[in-house]
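Enquirer: Have a look at this one before I ask anything.
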Amino acid sequence: MIQSKNLDNQTFEEITAHSVSRIPGLSGNWTNFNLSDPGITLVDLFAWYKEMQQYQLNFFSDEIAERLLALTGTHLLHEKAAECMLKIYEDPERDYPVLTRLETKEGIVFELAEKIPDTLPQLTGVHIIDGRRAVDVRPLLREGAGFSPFNFEGERQTEIVLEFDTEDTEISVWFEISEHSRTKRNPVEEGTEAPRIIEWFSETLSDDPVVVDETNSLSHSGRITFKPNGKHIIGTLVDPGCEEEVIIKNIEVGHFRAIQKQTISDIRKFTAESAPEYKLSFDDALGLVGEPTAFVRKDTGWTQADVKKEDEGENVRTLSVNTEEALQDGQENLKVCMTDPIHFYDMFFDSTGMPGQELQLELNGKIPVHDYFTLICDTREPDGTIAQEEWHEVNDFYSCDSRSRVFMYDSERECIIFGDGKKGAIVPAGKNAIFVAEMALSECAGGNIPQNAGLYFSENLQQIENDEASGGRNRETVSDAMMRFRYRLTHTRKCVTQADFERAAAETPGFRVREARAIAGFDRKEPTRKARCPVVTVVVVPDSDEINPVPDERFIRAVSKNIESRRTVGTMVRVTGPVYIPVDVSLEIMTDEEISSEEIRKRIAESFQTGRRRKIGDAIALMDIETAVAGIRGVLSVSRINISTSSPECARNAYGDLVIPKDAIAYLRKLRVSGR
């Protein structure tokens, strides 16, 4: 390990003492070393200067640490707004459009991420059909008992039927899935395969009614948005997969997503046709009342355009923009920025045209979220013309050049900082040259409110229930980024060691991998089990309700895909399930009370289980069986143990233990107990 060198290793007194000790050898005429001597005064001065330089050279600032972290690919994580689900069981007082504000009594503001209509669709029935009968399971849901929709009361291939009071409209249904497995499910990533295949049908058996499935085929709690052709939706399990059985604890409608932010201004982008009055309609809360500012993309760049307000309805607002000069190349050529009327005039700033210009904001401690923070500034193009272009936030100007349209934000001083012309471009001098086109404020980590925190709509004080908010975080500090970097050093995504392959298998997105073992040089396809090529065999076990679970093709394909992106060049990876070896055990024990054979069988079977102490391929040790049985109350001694198997791949070692193949798991088949 590289040890850092201490450059600040001398005190002021040590520096002056060393300097004075050198004087006789340099000048024999200098004999007065008292503080009154002017030469000693100069020595003290340079000693102070050297001590100061030592401190600066030895000081490892956050700025230096951040740049070094960036070289390793570790960039500081930006702040993020929290999210939560709102629950509405009865029809609200009115329509609530997107961006409608809610708040808690502590003043934490949320905004709707989706519209809440004034009339909610109702779930009027939940039935299970097994071909002979239809069972209403709503009483089970009310009791919180839960049910298996595809294996109801032990009947295989049952179907679930959802009945609604409306049709031909999108309906979001919340499914609460029981987390009864021992292994936590890995987070779902984009492109993740589902652990099972469920097909949903409308009552007319028309096209797939699923619009969005947030549950990954009912593998975790979330919403499924349907667009039924009729009042019924039917769900059928086509392929159960190899994981645990689905248990539904609750089914509800009326769940809506909210984000902990307060939008001051935002940008809407369009691809507009050329027209003297191109009409736009807005139905969100900010679009209905906000002050619009439009920009059109021409041959010379983006230019501000006039906006004309048309007739405004109760729930829709129409604007028109002159797009006759808009560039028609199939790309976005129109931007409309909607700004909160209260803050509209505070969003424009004059530019001095000086390097390092700073703009002071008054945000009262709230934080602009990076994903919703954009400026539109006068920008000098290469031909000398001025256009209104977007500028984006960066952590620092270190990797920027003179033409980078970027800015920094200092959250402590609540100010925007521009570059100096070498690192980051300069905004040309001009009136209203800087416009905060997009900004949303958040409490970030402070927005992770608990369940039912007393949220209410700001405009009419109507209260609403909420789930626990999560996901909010402050901007990462340098010390936290350094800890994350150290974690990455020991938990690399590349598969080099045996532990790397096992960790990659266990982290397969969207699946529950109970256990994984990587075996280098092992290939079951070879007669000798020794690979002729550089092969790593990864044995995986899914978390399942089955006694001896075996991964299916979908499970193996998902694990292989995750490892394939991490393996080193030249290494072949084969993912497979375990081979189960039946083992028969006979033993003789002495007891002082009657003990059931079921208790003994249970203890021995537990000693065979892989997991914490045992791994896939570990031998069956006589000592482990003896310890398991001796631990039963009433057992005085275990005098004889015999283990056997019908598998020709097993052998015994010098201790009498049963050695099984490296990719195998033993299970107890027969047990014979004798004793007195």
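The values are calculated or read from the model by the stated rules, or taken from the named source; none is laboratory data. The model shown is predicted, which means the values in this text are computed figures rather than measured ones. Here the Cβ positions follow ideal geometry from the backbone for every residue, glycine too, while neighbour counts run over all protein chains shown. Surface areas here come from the heavy atoms of the whole protein model, side chains and all, with no ligands, DNA or RNA. Shrake-Rupley method; radii C 1.70, N 1.55, O 1.52, S 1.80 Å.
Enquirer: Restricting to region 550-579, and then to whatever is assigned to a loop (DSSP other than H, G, I, E, B) and crowded, with 21+ Cβ neighbours inside 10 Å, can you tell me which residue is nearest to the chain's Cα centre (by Cα)? Walk me through how you get there before you give the answer.
Expert: Step one: list which residues in region 550-579 are assigned to a loop (DSSP other than H, G, I, E, B), which gives 550-552, 565-566, 568-571, 577-578.
After this cut, where a residue has to be crowded, with 21+ Cβ neighbours inside 10 Å as well, the list is 551, 578.
Values: P551: 26, P578: 31 Å.
Going through the qualifying residues, I end up with P551.
Enquirer: Does region 611-640 hold any residues that are open to solvent by less than 40 Å² (accessible area, probe 1.4 Å) and either among the small types (G, A, S) or under 20 Å from Y655 (Cβ atoms) (or both), and which are they?
Expert: R614, G617, A619, I620, A621, I625, A628, V629, G634, V638
Enquirer: I need every pair where a residue in region 129-157 that is surrounded by 18 or more Cβ atoms within 10 Å (Cβ to Cβ) has its Cβ under 6 Å from the Cβ of a residue that is hydrophobic (A, V, I, L, M, F, W, C) and assigned to a helix (DSSP H, G or I), sequence separation at least 6 or different chains.
Expert: Partner pairs satisfying both residue conditions: F147/L140.
Enquirer: Consider I197 carefully, then state whether it is closer than 30 Å to T610 by Cα and surrounded by fewer than 16 Cβ atoms within 10 Å (Cβ to Cβ).
Expert: Judged against the criteria, I197 is a match.
Condition check ((1) within 27 Å of E476 (Cα to Cα); (2) in contact (Cβ under 8 Å) with a residue 12 or more places away in the chain; (3) not aliphatic (A, V, I, L, M)) across all residues:
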residue	(1), (2), (3)
A70	yes, yes, no
L77	yes, yes, no
I88	no, yes, no
F110	yes, yes, yes
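Enquirer: If I filter region 167-178 for residues that are in contact with an Asp or Glu (Cβ under 9 Å, 6 or more places away or on another chain) and among the aliphatic types (A, V, I, L, M), do I get at least one hit?
Expert: Looking for residues that are in contact with an Asp or Glu (Cβ under 9 Å, 6 or more places away or on another chain) and among the aliphatic types (A, V, I, L, M), one finds at least one in region 167-178, hence yes.
Enquirer: Same structure, new question: Residue check: is T74 β-branched (V, I, T) and part of a loop (DSSP other than H, G, I, E, B)?
Expert: Answer is yes for this residue.
Enquirer: Right, here's the next one. Mind checking which residues of region 442-489 are without any contact (Cβ under 8 Å) to a residue 12 or more places away in the chain, open to solvent by 90 Å² or more (accessible area, probe 1.4 Å) and outside any loop (DSSP other than H, G, I, E, B)?
Expert: Across region 442-489, the qualifying residues are Q463, M483, R486, Y487, L489.
Enquirer: Please indicate, with yes or no, whether at least one residue in region 561-573 is modelled with pLDDT of 90 or more and out of contact with any strand residue (DSSP E or B) (no Cβ under 9 Å at 6 or more places or on another chain).
Expert: Checked region 561-573: at least one residue is modelled with pLDDT of 90 or more and out of contact with any strand residue (DSSP E or B) (no Cβ under 9 Å at 6 or more places or on another chain).
Enquirer: Further, regarding this structure: N333 versus (1) open to solvent by less than 50 Å² (accessible area, probe 1.4 Å); (2) more than 30 Å from K279 (Cβ to Cβ): which is the lone unmet condition?
Expert: All conditions pass for N333, except number (2).
Enquirer: Go through region 297-315 residue by residue and tally those that are outside any loop (DSSP other than H, G, I, E, B) and more than 19 Å from F348 (Cβ to Cβ).
Expert: Matching residues across region 297-315 total 8.
Each row is one residue, and each column tells you yes or no for (1) modelled with pLDDT of 90 or more; (2) over 30 Å from Y487 (Cα atoms); (3) part of a helix (DSSP H, G or I).
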position: V20; (1), (2), (3): no, yes, yes
position: T31; (1), (2), (3): no, yes, no
position: Y49; (1), (2), (3): yes, yes, yes
position: C84; (1), (2), (3): yes, no, no
position: L99; (1), (2), (3): yes, yes, no
position: E106; (1), (2), (3): yes, yes, no
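Enquirer: Determine whether R503 is surrounded by fewer than 17 Cβ atoms within 10 Å (Cβ to Cβ), of a type outside the set (A, V, I, L, M, F, W, C) and on the phi < 0 side of the Ramachandran plot. Reasoning before the result, please.
Expert: Values: surrounded by fewer than 17 Cβ atoms within 10 Å (Cβ to Cβ): no; of a type outside the set (A, V, I, L, M, F, W, C): yes; on the phi < 0 side of the Ramachandran plot: yes.
So R503 fails the test.
Enquirer: Something else: Mind listing just one residue for me: the one in region 593-610 that is polar (S, T, N, Q) and open to solvent by less than 40 Å² (accessible area, probe 1.4 Å) and, of those, nearest to R514 (Cα to Cα)? Reasoning before the result, please.
Expert: Here is the first cut: in region 593-610, the residues polar (S, T, N, Q) are 596-597, 607, 609-610.
Within this subset, residues satisfying the condition of being open to solvent by less than 40 Å² (accessible area, probe 1.4 Å) are 607, 610.
Numbers: S607: 17, T610: 10 Å.
Out of the qualifying residues, it is T610.
Enquirer: Checking Y667 against (1) more than 43 Å from the chain's Cα centre (by Cα); (2) surrounded by fewer than 16 Cβ atoms within 10 Å (Cβ to Cβ); (3) farther than 21 Å from K530 by Cα, only one condition comes out false. Which one?
Expert: (1)
Enquirer: Right, next: Are there any pairs with C-beta distances below 9 angstrom linking a residue in region 348-376 that is over 24 Å from V109 (Cβ atoms) and modelled with pLDDT of 95 or more to a residue that is of a type in the set (K, R) and open to solvent by less than 20 Å² (accessible area, probe 1.4 Å), with the two at least 6 apart or on different chains, and if so which?
Expert: Filtered contacts from region 348-376: I376/K335.
Enquirer: Of (1) open to solvent by 50 Å² or more (accessible area, probe 1.4 Å); (2) more than 21 Å from R182 (Cα to Cα), I547 satisfies all except one. Which?
Expert: Result: I547 fails condition (2) only.
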